[in-house]
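What follows is a set of notes on a single structure, which appears directly below.
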Amino acid sequence: MTTTRAHRDTIFVESGTLLERHRFDAEQYVLRIEAPETARHAQAGTFVHVTCDSALPMRRPLSLMRVDAEAGWIEILFKTVGAGLAALATRKPGEQMSILGPIGQPFRPDFERPIALLVGGGVGIPPMIYLAEVLANDTQNAWQPLVFMGSEVPFPMSTRPSAMPVDGMPDDASHSLTLVESWGIPSRLASLANLTGAHQGYVTDLAAHWLAQQDQATRDRCELFACGPTPMLEAVARVASRFDVPCQVSLEEYMACAVGGCAGCTVLVTDPDGDQAMKRVCVDGPVFDSRAVFPDAT
């Protein structure tokens, strides 16, 4: 008997055209790529597998940061770690790029918990930007997103003193992401690198601080979403457990094929009954329930 794979017929290979390339401090880059098929099918939390250079056989998995399905473009953010991403940073507008995507399971916000607390750290920032824009553009539901971003290098986008008050924030958390605030979504920043207007601490501290100031009725309407390094995600899972708030996390993992064939990106997942199984981050994830991947985070 043939078992249907959920990801079959949903991943496309297309030759995209690099439209824009922007460089930011600390060798961070944002590329806007014309990739209409990927843009048409992408969802917040999915990613693409990109050929960085014709001389490098291995693709690199990169989260989607922004998508315009109507205009047919996608945006990715990356930092030049390794030869592949260093090569990708040299690509110029007009060049063709091989894109495999969109890949993976997306975030699935719960309509009954409209207060979406988005927590992104470092290279985990892009999926949170994508999810924030999706929620901002959803006119059918009354979402109330709140974005917390952390970085140990200057943020790869403009920041400014926030014009949108957020009750329950430390005094040093004064700045926001300009793009996110332009969508009518409040945001706050955190860093251990003395960045202007950023809370001097971990981004998970901001989430915990805000939740601690809320009453139970408000927390009952909250849901956490996070992407970043594994230690950060485990800390987010502990915050979610402490305040009894559901949490979805997007895992970062090394990938070879990114379509589920090599099984090189597997993680141990525990279901609500306590049964365990190995799941592939690429196609079974990258988004999982935090309790499934961090069952001991309390």
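Looking at LEU131, is it at pLDDT 95 or above and out of contact with any helix residue (DSSP H, G or I) (no Cβ under 9 Å at 6 or more places or on another chain)? Yes: the conditions hold for LEU131. Among the residues of segment 228-265, those identified as surrounded by fewer than 16 Cβ atoms within 10 Å (Cβ to Cβ) and farther than 13 Å from GLY124 by Cβ are ARG242, ASP244, PRO246, TYR254, ALA256, GLY261, CYS262, ALA263, GLY264.
Residues checked against (1) aliphatic (A, V, I, L, M); (2) in the same structural domain as PHE155 (by TED's automatic domain parsing):
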| site | (1), (2) |
| --- | --- |
| GLY197 | no, yes |
| GLN200 | no, yes |
| CYS222 | no, yes |
| PHE225 | no, yes |
| THR230 | no, yes |
| VAL239 | yes, yes |
| ALA277 | yes, no |
| VAL281 | yes, no |
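Return a yes/no flag: does segment 32-39 have any residue that is crowded, with 17+ Cβ neighbours inside 10 Å, out of contact with any Pro (no Cβ under 7 Å at 6 or more places or on another chain) and of a type in the set (Ser, Thr, Tyr).
Checked segment 32-39: no residue is crowded, with 17+ Cβ neighbours inside 10 Å, out of contact with any Pro (no Cβ under 7 Å at 6 or more places or on another chain) and of a type in the set (Ser, Thr, Tyr).
Flag: GLU133 matches the condition of being of a type in the set (D, E, K, R), part of a helix (DSSP H, G or I) and assigned by TED's automatic domain parsing to the domain that holds LEU189. Identification of helices (runs of 4 or more DSSP H) wholly contained in segment 197-285 with 3 or more residues that are of a type in the set (A, V, I, L, M) yields 203-213, 230-242. Scanning segment 19-35 for residues that are over 12 Å from ARG66 (Cβ atoms) and among the acidic types (Asp, Glu) yields ASP25, GLU27, GLU34. Restricting segment 95-136 to residues that are closer than 21 Å to ASP68 by Cα and without any contact (Cβ under 8 Å) to a residue 60 or more places away in the chain leaves a set whose member that is farthest from the chain's Cα centre (by Cα) is ALA136. Taking every residue in segment 262-287 that is among the aliphatic types (A, V, I, L, M) and pairing it with any residue that is at pLDDT below 90, at least 6 positions away or on another chain, the pairs with Cβ-Cβ distances below 6 Å are VAL281/GLU253; VAL283/HIS7. Taking SER176 as the residue in question, decide whether it is hydroxyl-bearing (Ser, Thr, Tyr), over 21 Å from ALA240 (Cα atoms) and surrounded by fewer than 22 Cβ atoms within 10 Å (Cβ to Cβ). For SER176, the condition - hydroxyl-bearing (Ser, Thr, Tyr), over 21 Å from ALA240 (Cα atoms) and surrounded by fewer than 22 Cβ atoms within 10 Å (Cβ to Cβ) - is not met.
The values are calculated or read from the model by the stated rules, or taken from the named source; none is laboratory data. Because the structure is a prediction, the values reported are computed rather than measured. FYI the Cβ positions are ideal-geometry reconstructions off the backbone, even for glycines, and counts take in every protein chain you see.
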